[in-house]
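The values are calculated or read from the model by the stated rules, or taken from the named source; none is laboratory data. Everything quoted here is computed from the prediction, not taken from an experiment. When we count neighbours, we look across all protein chains shown, and the Cβ atoms used for this are built from the backbone with ideal geometry, even at glycine.
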Amino acid sequence: MDDPPPMPALFIGHGSPMNALELNAFTRTWRALGKALPRPRAIVVVSAHWFFGATAVTAMARPRTIHDFYGFPQPLFDFDYPAAGSPEVAREVVEAVKPEWVGLDRDQWGLDHGTWSVLTHLYPQADIPVVQLSINALRPLDYHLKLGVRLAALRDSGVLLLSSGNVVHNLRLVEWKRPTAGADWARRFDEAAMAQMADDPSAILKLTEHPDYARAVPTPDHFIPLLYTAGIAAVAGRSQALIQSYSLGSLSMTSYNVGPPLDLPVVAEGVAALPPDVPPDQTNI
């Protein structure tokens with residue numbers, strides 16, 4: 001019997017956590033994506049929102065749902081995504097990236113909104129074990145690209161590798177009057193990222209030389225998840241852009257698939273709400 005093909009790997013532009021509660025063009029596409037994917041035995045997530053000074057992986061059996069944002073309505077703070085964790089898969093992550101070190105987090109983190117706002121649409125039953133891998137804020141960008149290359153081997157054992165961030169993410173330049181559009185600079189950078197992912201994902205760090213990089217990536221946390229997917233795509237030799245779209249002028253919702261091509265909408269227009277009385281850069285989306 002032939003071995004099953006590797007599990008896909010994904011980068012999802014997650015945007016506002018209100019996507020967890022809303023049914024819009026983005027979340028409809030995420031639901032269609034979940035139905036199109038083979039069922040994984042576990043999910044490993046690299047979320048923009050676990051960005052701190054160590055490389056760690058959640059290793060608890062029951063990760064808590066973390067509400068890591070400000071100013072949103074109470075139903076979002078009440079939201080729970082009760083997926084199990086997997087200490088076993090956490091140890092597989094540790095082994096996969098050696099000789100790099102990864103710590104086992106048994107009681108500190110959990111599932112943040114970069115994870116559950118997407119997974120609640122991909123896998124609404126929350127019946128697949130989920131672990132999160134942190135983004136080490138102290139390491140250079142090429143470290144994360146190389147970790148993606150090493151993690152790629154987990155695809156062969158039925159693990160879905162999901163990165164969650166935004167290629168363009170500048171909350172100081174939000175344009176309220178452009179809810180479903182991208183500023184010219186945002187579109188230029190996002191299109192350059194799409195071209196790089198298609199042509200040579202192993203050279204994704206060329207994007208740091210792009211003239212719009214500083215505006216598109218004022219902080220690295222939401223960009224770094226793309227580097228993990230680029231590393232996986234470099235091993236696989238291909239990637240597919242999904243959901244090429246923008247929100248509020250300064251957010252790209254563009255997503256990527258590494259694996260067999262998926263027949264999903266290429267463009268989706270929608271916007272999830274942000275709190276009107278909190279500065280956008282203080283919401284922690």
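Six or more apart or on different chains, Cβ atoms under 6 Å: show the pairs whose first residue is in the range 112-129 and without any contact (Cβ under 8 Å) to a residue 60 or more places away in the chain and surrounded by fewer than 24 Cβ atoms within 10 Å (Cβ to Cβ) and whose second is among the aromatic types (Phe, Trp, Tyr) and part of a loop (DSSP other than H, G, I, E, B).
Pairs found: Ala126/Tyr81.
Being assigned to a strand (DSSP E or B) and under 15 Å from the mean Cα position of the chain (by Cα) is the filter here; which residues of the range 106-131 pass it? Full working, then the answer.
Applying the first criterion (assigned to a strand (DSSP E or B)) to the range 106-131 yields 110-111, 130-131.
Matches in the range 106-131: Leu111, Val130, Val131.
Working only within the range 220-251, note down all residues that are touching a strand residue (DSSP E or B) at 6+ places or on another chain (Cβ under 6 Å), of a type in the set (S, T, N, Q) and either surrounded by fewer than 24 Cβ atoms within 10 Å (Cβ to Cβ) or modelled with pLDDT under 95 (or both).
Ser239, Gln240
Any residue at all in the range 70-85 that is among the small types (Gly, Ala, Ser), modelled with pLDDT under 95 and either within 18 Å of the chain's Cα centre (by Cα) or assigned to a loop (DSSP other than H, G, I, E, B) (or both)? Working first, answer last.
Start the filter on the range 70-85 by keeping residues that are among the small types (Gly, Ala, Ser), which leaves 71, 83-85.
Right, trim to modelled with pLDDT under 95 and you get 71.
Narrowing further to those that are either within 18 Å of the chain's Cα centre (by Cα) or assigned to a loop (DSSP other than H, G, I, E, B) (or both): 71.
Among the residues of the range 70-85, at least one is among the small types (Gly, Ala, Ser), modelled with pLDDT under 95 and either within 18 Å of the chain's Cα centre (by Cα) or assigned to a loop (DSSP other than H, G, I, E, B) (or both), which makes the answer yes.
Inside the range 169-285, counting only helices (runs of 4 or more DSSP H) that do not spill past its ends, which hold 2 or more residues that are over 25 Å from Val159 (Cβ atoms)? Even if it seems obvious, please write down each step before you answer.
On the way: elements: 184-199, 213-216, 224-236.
Qualifying helices (runs of 4 or more DSSP H): 184-199, 213-216.
Take the residues in the range 154-168 that are of a type outside the set (Ser, Thr, Tyr) and in a helix (DSSP H, G or I); name whichever of them is farthest from Val278 (Cα to Cα).
Narrowing the range 154-168 to residues of a type outside the set (Ser, Thr, Tyr): 154-156, 158-162, 165-168.
Restricting the remaining residues to those that are in a helix (DSSP H, G or I) gives 154-156.
Details: Leu154: 40, Arg155: 40, Asp156: 44 Å.
Among residues in the range 154-168 that are of a type outside the set (Ser, Thr, Tyr) and in a helix (DSSP H, G or I), the one farthest from Val278 (Cα to Cα) is Asp156.
Test Arg64 against the stated conditions and say whether it is modelled with pLDDT of 95 or more, under 19 Å from the mean Cα position of the chain (by Cα) and either among the polar types (S, T, N, Q) or surrounded by 14 or more Cβ atoms within 10 Å (Cβ to Cβ) (or both).
Values: modelled with pLDDT of 95 or more: yes; under 19 Å from the mean Cα position of the chain (by Cα): yes; either among the polar types (S, T, N, Q) or surrounded by 14 or more Cβ atoms within 10 Å (Cβ to Cβ) (or both): yes.
In short, yes.
Any idea which residue in the range 136-168 is nearest to Gln244 (Cα to Cα), counting only those that are among the polar types (S, T, N, Q) and crowded, with 18+ Cβ neighbours inside 10 Å? It would help to see each step written out before you state the result.
Applying the first criterion (among the polar types (S, T, N, Q)) to the range 136-168 yields 136, 157, 163-164, 166.
If we keep only those that are crowded, with 18+ Cβ neighbours inside 10 Å as well, we get 136, 163-164, 166.
Details: Asn136: 28, Ser163: 16, Ser164: 15, Asn166: 12 Å.
Across the range 136-168, the extreme among qualifying residues is Asn166.
For Arg91, state whether it is part of a loop (DSSP other than H, G, I, E, B) and basic (Lys, Arg). If you could, list the steps in order and put the result at the bottom.
On the way: part of a loop (DSSP other than H, G, I, E, B): no; basic (Lys, Arg): yes.
So Arg91 does not fit the description; no.
Within the set of pairs 6 or more residues apart or between chains, which connect a residue that is hydroxyl-bearing (Ser, Thr, Tyr) inside the range 69-84 to a residue that is surrounded by 12 or more Cβ atoms within 10 Å (Cβ to Cβ) and part of a loop (DSSP other than H, G, I, E, B) with Cβ atoms less than 7 Å apart?
That search, which allows pairs on different chains as well, returns Tyr70/Val278; Tyr70/Thr283; Tyr70/Asn284; Tyr81/Ala126.
Taking the condition buried (at least 22 other Cβ atoms within 10 Å of the Cβ), closer than 22 Å to Glu22 by Cβ and either at pLDDT 95 or above or polar (S, T, N, Q) (or both), does Val217 pass? Let's see the steps before the verdict.
Working: buried (at least 22 other Cβ atoms within 10 Å of the Cβ): yes; closer than 22 Å to Glu22 by Cβ: no; either at pLDDT 95 or above or polar (S, T, N, Q) (or both): yes.
When the stated conditions are applied, Val217 does not pass them.
Out of Pro87, Pro82, which single residue is surrounded by fewer than 22 Cβ atoms within 10 Å (Cβ to Cβ), in contact with a Leu (Cβ under 8 Å, 6 or more places away or on another chain) and over 19 Å from Asn136 (Cβ atoms)? Reasoning before the result, please.
On the way: Pro82 fails: in contact with a Leu (Cβ under 8 Å, 6 or more places away or on another chain).
So the residue among Pro87, Pro82 that is surrounded by fewer than 22 Cβ atoms within 10 Å (Cβ to Cβ), in contact with a Leu (Cβ under 8 Å, 6 or more places away or on another chain) and over 19 Å from Asn136 (Cβ atoms) is Pro87.
Which of the residues belonging to the range 175-206 are of a type in the set (A, V, I, L, M) and under 20 Å from Ile243 (Cα atoms)?
Step one: list which residues in the range 175-206 are of a type in the set (A, V, I, L, M), which gives 181, 183, 186, 192-195, 197-198, 203-205.
Scanning the range 175-206 gives Ala181, Ala183, Ala186, Ala192, Ala193, Met194, Ala195, Met197, Ala198, Ile204.
Hey, among Leu226, Leu147, Leu141, which residue is of a type outside the set (Gly, Ala, Ser) and in contact with a Pro (Cβ under 8 Å, 6 or more places away or on another chain)? Before the answer, list the steps.
On the way: Leu226 fails: in contact with a Pro (Cβ under 8 Å, 6 or more places away or on another chain); Leu147 fails: in contact with a Pro (Cβ under 8 Å, 6 or more places away or on another chain).
Among Leu226, Leu147, Leu141, only Leu141 is of a type outside the set (Gly, Ala, Ser) and in contact with a Pro (Cβ under 8 Å, 6 or more places away or on another chain).
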